[in-house]
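Student: Input: one structure, supplied below.
The values are calculated or read from the model by the stated rules, or taken from the named source; none is laboratory data. Note that the structure is predicted; figures quoted are calculated from it, not measured. Neighbour counts are summed over all protein chains in view; Cβ atoms, including those assigned to glycine, are modelled from backbone coordinates with ideal geometry. With ligands, DNA and RNA removed, areas are computed over all heavy atoms of the protein, side chains included. Shrake-Rupley method; radii C 1.70, N 1.55, O 1.52, S 1.80 Å.
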Amino acid sequence: MSGMDFDYPVFNAAQMLRFVNEDAYLKWMYTDLLKKGHASETALEVLFNANVLGDTAMTDEYELYAKKGDKR
């Protein structure tokens, strides 16, 4: 299978954190996970897996936070 068959988003902690900081729901969930004792990167990955993967709209939004200037 080549990487061109499907365009799944790839988890990136810095990118996900930028997304979380701009989304009230994700920010609330992230804060809750931190309060429960999860490490920051673990919390970000949990949110990514639960909210971005498999959701086209969330994937599109996530991709906007890839690298400043890459996409608009």
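Student: Among the residues of the stretch 20-68, count how many are at positive phi and open to solvent by less than 60 Å² (accessible area, probe 1.4 Å).
Tutor: Let us first name the residues in the stretch 20-68 that are at positive phi, namely 37, 54.
Pick out the ones that are also open to solvent by less than 60 Å² (accessible area, probe 1.4 Å) and you get none.
Residues in the stretch 20-68 being at positive phi and open to solvent by less than 60 Å² (accessible area, probe 1.4 Å): 0 in total.
Student: What number of residues within the stretch 26-72 satisfy the criterion of being farther than 22 Å from Tyr8 by Cβ and either of a type in the set (Phe, Trp, Tyr) or not in a helix (DSSP H, G or I) (or both)?
Tutor: Going through the stretch 26-72, the residues farther than 22 Å from Tyr8 by Cβ turn out to be 27-28, 31-40, 68-69.
Checking which are either of a type in the set (Phe, Trp, Tyr) or not in a helix (DSSP H, G or I) (or both) leaves us with 28, 36-39, 68-69.
Matching residues across the stretch 26-72 total 7.
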